[in-house]
Amino acid sequence: MILAASFFHNENFLRVLYIVAFGLFIYGMTGLTGPRTAVRGNRIAAVGMAIAVAATLLWPGEGNWGLIAVGIAIGACIGVPAARRVRMTAMPQMVALFNGVGGGAVFLIAWAEFRNTHGYSGTATYVAVFSLFAAIVGSISFWGSNIAFGKLQELLPGRPITLGRPQQLVNGLLLAAAVLLAVLVGDGSHSQLEFVGMLLCAAVLGNFVVLPIGGADMPVVISLLNAFTGLSAAATGVALNNPALIVAGMIVGASGTILTNLMAVAMNRSIPAIVAGGFGGGGQVAGASGAGEAAGTVHSVSAADVAIQLAYARLVVVVPGYGMAVAQAQHAVRELAKALEARGVEVKYAIHPVAGRMPGHMNVLLAEADVPYDQLKEMDEINPEFSRTDVALVIGANDVTNPAAKTNPGSPIFGMPILDVENAHQVVVIKRSMNPGFAGIENELYFKPNTSMLFGDAKSAVQDITSELAGV
Ligand code: NAP
């Protein structure tokens, strides 16, 4: 018994557990590259995380089991139901919240380290440097993520909230103050007041960096804050000499950075421009094409009309967007596609990289409805095919089909790559009204002569088309 206990607390054994955990993180992540393997990949990475946590808890001298158990119980009681209940469309704010918790844990650990070592007395300089870096970045990430959550959850206004011109100056001063206080603390001031002052400056900075950013850029900001949290966790790992935290933090930091860049490119936004703020408040955006510019005749059709168009088509390309996710119409869409295929119509799905509210949103939904993966076509692959497409069926997608991105230099989405649906012989758009999408701008596609609008909720509209199809 004693032998077994000493084996489980053996540092070499625990290091081997950490290596197994890293291996599982990385192996699990390779599964996240495709919808078919994603769930399994996620589970494998979760097992890796469980092993890393167990190894950390078994580490010799790891204390206060009672507090640890209370922490795990509170976290599990809040986290598990929240993650189970969350709607897919609310995933970005969920990620913001969980990311914020990570940043909060990092700055609290740094604070505990400061207190345990009596202001870094007798510790190596690098421990103080990494710990203070983690405290500042973790605090920025915690407060920034909370603001991002508040905006996406509509607890705070989605529009940019800014001090105006002095904003960047104030942010610069806050950063300088936080760094100055960190230098004083790191230099051996032992002052708790200075440490807390540093955390407060970083907290106000986190609020001030995210408040001026409009709702439209928020998912990119969350990804950026996620990268920050990863970096701060890795820095904590260096300070605590915990390799699991270093590797996990670096994986989060690196993947968050890559994702931020991919999203920014797909939205044609530069990261510095996003952080400078001011775009996409959720309403009409400056520079957007107004009703007057795009106004024309809108051609409204019935489900029966659409069923006839689809029944006599050779190639139908379904263009899903955020509205399909809101309506949870993916299963109805699959049923419609099956009915069309039974009539010999070829059906493909055009996937825009930022359709919906998170990368891969459409792939996940369509995979859930068992849409064959080879029918999902990425933007570059499907765009040349629209000119030979009989009907492009746009279901709850708006911005990602807006030709203003190519034709209107004044539009806030100008330069964003879009799906060229207007090149199809006929375009049918299913949405509830003429309201704009995420970027808050009108879509001139709806006024094109080859476009028809089927107004209604995506799920019921698609079900109506399928029933009408039976009678054609
Ligand atoms: P979108 O531009 O937001 O438009 C969605 C449309 O769906 C709306 O115009 C809405 O019109 C309609 N809709 C909502 N509920 C519906 C329902 N129940 N039934 C039918 N239609 C419904 O969506 P998108 O074309 O997918 O574009 C995504 C936008 O999000 C882009 O601006 C992108 O830049 C942004 N974004 C995405 C990501 C990402 O990672 N995916 C990240 C950051 C930002 P009605 O109200 O008239 O129905």
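What follows draws every value from the coordinates through simple rules; no lab data is involved. Just so it is clear, the model here is predicted, and its values are computed rather than measured. For neighbour counting, all protein chains shown are included, and Cβ atoms are generated from backbone atoms with ideal geometry for every residue, glycine included.
Points worth noting:
- Seen from W59, the other residues with C-beta closer than 15 Å to its C-beta sum to a net charge of -1, counting Lys and Arg as +1 and Asp and Glu as -1.
- Within straight-line cross-link reach of K448, aspartates and glutamates at Cα separation under 16 Å, skipping those fewer than 8 residues along the same chain: E293, D390, D399, D420, E422
- With 30 Å as the limit on Cα-Cα distance, the pairs of K377/K431; K338/K406; K348/K459 that go past it are K338/K406.
- Sites excluded, GluC sites (Glu not before Pro) in DSSP loops with at most 15 other C-beta within 10 Å, longest stretch of the chain: 155-472
- Local electrostatic count, I274, Cβ distance below 14 Å [Lys/Arg +1, Asp/Glu -1]: +1
- Least to most buried among V400, V391 (fewest other Cβ within 10 Å first): V391, V400
- Least to most buried among S141, S121 (fewest other Cβ within 10 Å first): S121, S141
- From helices alone, the chain scores -19500 deg cm²/dmol at 222 nm; the rule is -39500 (n - 2.57) for each run of n ≥ 4 DSSP H residues, then divide by the residue total.
- The Cα trace of the chain gives Rg and Dmax of 25.7, 83 Å, the first to one decimal, the second as a whole number.
- The Cα center of segment 48-94 and the Cα center of segment 153-210 differ in position by 28 Å.
- In a fully extended conformation the segment linking L57 and F447 would gain 134.2 nm over its present Cα-Cα distance, using 0.36 nm per residue.
- Net charge of the neighbourhood of V39, taken over other residues with C-beta under 15 Å away and scored Lys/Arg +1, Asp/Glu -1, is +2.
- Ordering R314, R84 from the fewest to the most neighbouring beta carbons within 10 Å gives R84, R314.
- Residues S387 and A304, FRET efficiency given R0 of 25 Å [Cβ-Cβ distance, rounded to 0.05]: 0.35
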